[in-house]
Amino acid sequence: MLKHIHRKIMHIFSTIWSLFLSGLFTILPITLTIVIFSITFKLIKGWLEPLHRLNLPILNWIPHFEIVIVLIMIFIIGALVQIFILRTLIEHIESYIAHLPLVRTVYGGIKQLVKAFSSQDKVTFKQVIMIEFPLENVYSIGFLTAETPHILAPESGIKYFNVFVPTTPNPTTGFFVLVPEHKIKITELTRQEAMSMVISGGIICPDRFIEHK
């Protein structure tokens, strides 16, 4: 009798816990998204707080004008880079960063990651593929970067391709391998989708590949 009551109580608690987790994981993505944007919003306003000391009338007319200033600045920087005015200056700054031992590693990794996610980058990662790596019948997501020159190919008469296989959860590190053409499996993944899967360890999967029941 006591065992039956105990099982009933445990079942009730298990059901309650399951419902709690279900609700938690439902609201967690939305909550974290709001928190991230809220923190970013507050940081930007905090950084630009000195603008209020100028007593500019426009700050009173337009709520949160600091955010508008940031958006305008980003647009202007993008325009100046496109017309090559800032590109030389940025290249000089990056050349200095390249001489700083710790900073260059962090900056280089972040820059590569941002570049990989950028829709404007059409050359770095030409195609998302799958290859047998590191073992036979075990597949890894890779990025086809270029065709291997014939003189560097391991075997003559076979076309090889340069492939970068990123690691999880840091896709800025990985393996560079030469893969024969017949071993390459082309995927329908975009570079952004592939990067999301790699960084999340496969937890994040594009909705268009998920069967909705």
Practice item. Within segment 133-150, work out how many residues are among the acidic types (Asp, Glu) and out of contact with any strand residue (DSSP E or B) (no Cβ under 6 Å at 6 or more places or on another chain). Key: 1
Practice item. Could you give me the residue pairs with C-beta distances under 7 Å whose first residue belongs to segment 114-136 and is assigned to a strand (DSSP E or B) and modelled with pLDDT of 70 or more, whose second residue is loosely packed, with under 14 Cβ neighbours inside 10 Å and of a type in the set (A, V, I, L, M) wherever it lies, and which are 6+ apart or on separate chains? Key: 127/186; 129/186; 132/138
Revision key, fill the gap. Of (1) in a loop (DSSP other than H, G, I, E, B); (2) surrounded by 16 or more Cβ atoms within 10 Å (Cβ to Cβ), residue 165 satisfies every one except (1)
Practice item. Kindly indicate whether residue 39 is at pLDDT 80 or above, under 30 Å from residue 199 (Cβ atoms) and surrounded by 10 or more Cβ atoms within 10 Å (Cβ to Cβ). Key: yes
Practice item. For segment 9-50, enumerate the residues that are under 25 Å from the mean Cα position of the chain (by Cα) and hydroxyl-bearing (Ser, Thr, Tyr). Key: 26, 31, 33, 38, 40
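The values are calculated or read from the model by the stated rules, or taken from the named source; none is laboratory data. On a predicted model such as this, the values are computed, not experimentally measured, just so you know. Using ideal geometry, Cβ is built from the backbone for each residue, glycine included, and neighbour counts are taken over all protein chains shown.
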